[in-house]
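Please read the structure below before turning to the comments.
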Amino acid sequence: MLDRNNGYLNRRDFARWMMAGGTVAALPLAAFACVKPGPLPPVPPVPDEAFWTSVRRQFLMPRDVTVLCAANLCPASAPVIEALLNATRDIDKDPGAENRRKWVAGREATRRVLAEFLNATPEEIVITRNTSEGNNIVSSGIDLKPGDEVLLFADNHPSVNAAFQEKAKRFGFTIRVVDLVEMHPGPEYYIDAFRKSLGPNTKLLAITHVTGSVGDLFPTKEICRIARERGILTLVDGAQSFGVLDIDLADMQPDFFTGSAHKWPCGPKEFGVLYINRNAQAKIWPSIVSLYGGEVGASKRFEALGQRDEAGFIAFGEALQLQNKIGRKVIEARARELAQRFIEGLKKINGVKIWTHPAPERSAAIVLFLPGSTDPSKLAAALYEKEHIVTNARGSGVRGGIRLSPHFYVLHEEVDRTLAAVRKYMASM
Ligand SMILES: Cc1ncc(COP(=O)(O)O)c(C=O)c1O
């Protein structure tokens, strides 16, 4: 019925659907029923726009909607939604434990996929509800007492720093903070800054792999090594790197690493990962103790969060499998290339100030820019309402502006039309 637009539901079709008596509540299923993305073609040695167009067809976004908010929330692909719906239907037809047993097996399969995805072992993988939960399992679970110190980075996500500050009030440990430098001064600068800030009482260091603010990329491997050599635990927040960078935790060697399925992995909402290095598992306590933990390693203690959405576990695995089919390195290269295309285009627009450093060792797939004297929130609203381009407005002034976070479902033509729209509205607002 609604298949004229490469399988996408466009706005005109949407209007027809509504006029024909379709209800919003029924729409997701109805829209989904129309989307038959077909199998992905083999990945060419040098993936071209034709290949990326077939990748985009795996998603439900209409052709005229450009989604540049991966750092906030990514769309789940059609196969992920299908997996979620299939399992949900099955479970709700028969919610008996006997019927659900097969989905529990699927949860362990997802754990194995996750372990391979991050180059870890299944025993080190805990499937959480999001990055915030993983971070809090760590900040609540380490024995920290008066006299101990935790080292934070000023531009960690508020969910990390606020949680440590709250727990410092309760348990009496102190916090030291490594300052942010406005334009990323390079990995060496931060390696040195963290090294100098570690003291004899530092017990834990919490950093961000890629910041959500401007997309600064951190030399996590080196910082973890320096901490490890001094017996200091490390928490790496991977909310903005998991599902876009080709992460190798055996190489990075953090004690804890966290991420969300609903961001760059394009998985279901309210799923995430907490990696707990085998060497750190005896140094952390679970803060939530309930039933239904995982079957191996750390998941037995740290994943026992009570009843979960079994369908979501399956969908999470499906999201990772889609990325595996395309290839981790291929996805990273594509997202980085799209970000570079934005940076190059923005440089040519008069008055634009780009806060994200373009060097590949200083940023990845997030670009923040200030649109001169144009109000960022008004520009973002015009992009959304008039052009159907989804971005994130993030304040104004220093390190304020519009955040663009393109991912592998974005096409070159969408980058170019966004740049043209930014230019147009900056000239007219
Ligand atoms: C670096 C970073 N950490 C943590 C979070 C929180 O993620 P979630 O809401 O999925 O827990 C975000 C959200 O944008 C983030 O950017």
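The values are calculated or read from the model by the stated rules, or taken from the named source; none is laboratory data. Quick caveat: nothing in here was measured; it's all calculated off a predicted structure. With ideal geometry, Cβ positions are generated from the backbone for all residues, glycine too; neighbour counts draw on all protein chains shown. Side chains are part of the model used for accessible areas, which takes the heavy atoms of the whole protein and leaves out ligands, DNA and RNA. Shrake-Rupley method; radii C 1.70, N 1.55, O 1.52, S 1.80 Å.
Can you list which of the trypsin sites (Lys or Arg not before Pro) found in segment 278-358 are DSSP loop residues with at most 15 other C-beta atoms within 10 Å?
On the way: sites: Arg278, Lys283, Lys300, Arg301, Arg308, Lys325, Arg328, Lys329, Arg334, Arg336, Arg341, Lys347, Lys348, Lys353; in loops: Arg308, Lys348.
Here the trypsin sites (Lys or Arg not before Pro) that fit, given the DSSP loop and packing criteria, are Lys348.
For a quick check, take a GNM of the chain with Cα springs below 10 Å and name the residue from Trp264, Trp355, Trp285 with the largest mean-square fluctuation.
Trp285
Determine the order of Glu295, Glu124, Glu98 by accessible area, beginning with the largest, at a probe radius of 1.4 Å.
Glu98, Glu295, Glu124
Would you mind getting me the FRET efficiency between Arg89 and Glu337? Use the beta-carbon distance for r and R0 = 30 Å, nearest 0.05. The partial results should precede the final answer.
Details: r = 39 Å, r/R0 = 1.29.
After rounding to 0.05, the efficiency reads 0.20.
Give me the net charge of Glu361's neighbourhood, meaning all other residues with Cβ under 12 Å from the Cβ of Glu361; Lys, Arg count +1, Asp, Glu -1.
Cβ neighbours under 12 Å give a net charge of 0.
Assuming R0 = 45 Å, what is the FRET efficiency of Glu123 and Ser377, from their Cβ-Cβ distance, to the nearest 0.05?
0.45
Within segment 75-145, list the trypsin sites (Lys or Arg not before Pro) lying in a DSSP loop whose Cβ has at most 15 other Cβ atoms in a 10 Å radius.
Working: sites: Arg89, Lys93, Arg100, Arg101, Lys102, Arg107, Arg111, Arg112, Arg129; in loops: Arg129.
Counting only loop positions with at most 15 other Cβ atoms within 10 Å, none of the trypsin sites (Lys or Arg not before Pro) in segment 75-145 qualifies.
Give me the percent relative contact order of the chain, please, defined on Cα pairs under 8 angstrom at least 6 residues apart.
20
Give the lysines whose C-alpha is closer than 26 Å to that of Lys167, dropping any in the same chain fewer than 8 places away, or say none.
Within reach: Lys145, Lys196, Lys203, Lys283, Lys300.
Amide H neighbours of Thr202 under 5 Å, at least 5 residues apart or on other chains, H built in the peptide plane: list them.
Placed amide hydrogens put Glu149 under 5 Å from Thr202.
Label-point separation (nm) for Asp251 and Ser428, each offset 7 Å from Cα along Cα-to-Cβ?
My value for the distance between the label points is 4.6 nm.
What lysines sit close enough to Lys424 to cross-link, taking a C-alpha to C-alpha distance under 26 Å and skipping anything fewer than 8 places away on the same chain?
Within reach: Lys347, Lys348, Lys353, Lys378, Lys386.
Could you run the Karplus curve 6.51 cos²θ - 1.76 cosθ + 1.60 with θ = phi - 60° over segment 74-79 and give me ³J(HN,Hα) per residue in whole Hz, x for Gly and Pro?
Along segment 74-79, the couplings run 9, x, 7, 6, 4, x Hz.
Local charge sum around Tyr275 (other residues, Cβ-Cβ under 12 Å, Lys/Arg +1, Asp/Glu -1)? Display every interim value, and only then the final one.
On the way: positive: Arg111, Arg278; negative: Glu123, Glu124, Asp237, Asp248, Asp255.
That sum, taken over residues with Cβ under 12 Å, equals -3.
Rounded to the nearest 500 deg cm²/dmol, what is the calculated helix-only ellipticity per residue at 222 nm for the chain, with -39500 (n - 2.57) per DSSP H run of length n ≥ 4?
Rounded to the nearest 500, it is -13500 deg cm²/dmol.
Quick query: amide H of Ile389 versus all other amide H atoms, modeled in the peptide plane; which residues come in under 5 Å with a sequence gap of 5 or more or a different chain?
Thr66, Tyr384
Which percent, to the nearest 5, of DSSP beta bridges fully inside the chain are antiparallel?
Working: 23 of 44 bridges.
Rounded to the nearest five, the antiparallel share is 50 percent.
Stretch Thr174-Asn350 to full length: gain in nm at 0.36 nm per residue minus the Cα-Cα span?
Result: 58.8 nm gained on full extension.
Only Lys, Arg, Asp and Glu count, each charged at its Cβ (+1, +1, -1, -1), so figure out the dipole size of segment 269-382 about its Cα centre, rounded to 20 debye.
Result for segment 269-382 is approximately 440 debye, rounded to the nearest 20.
So between Ala193 and Ala109, what do we pick up on full extension, going 0.36 nm a residue minus the alpha carbon distance?
26.2 nm
Can you list the residues, at least 5 places off or on another chain, whose amide H is less than 5 Å from the amide H of Ile142, using H built in the peptide plane?
Trp285
Using packing as a proxy for protection, rank 53-66, 363-376 so that the peptide with the highest average count of other Cβ atoms within 10 Å comes first.
Top of the packing list down: 363-376, 53-66.
With the other protein chains left in place, how much accessible area per residue, in square angstrom, belongs to the chain at a 1.4 angstrom probe?
42
Ordering Asp216, Asp90 from largest to smallest accessible area (1.4 angstrom probe), what's the sequence?
Asp90, Asp216
Just to check I understand the Karplus step: with θ = phi - 60° and J = 6.51 cos²θ - 1.76 cosθ + 1.60, what whole-Hz values come out for segment 55-60, glycine and proline as x?
Working through the residues one at a time gives 5, 4, 5, 6, 10, 8 Hz.
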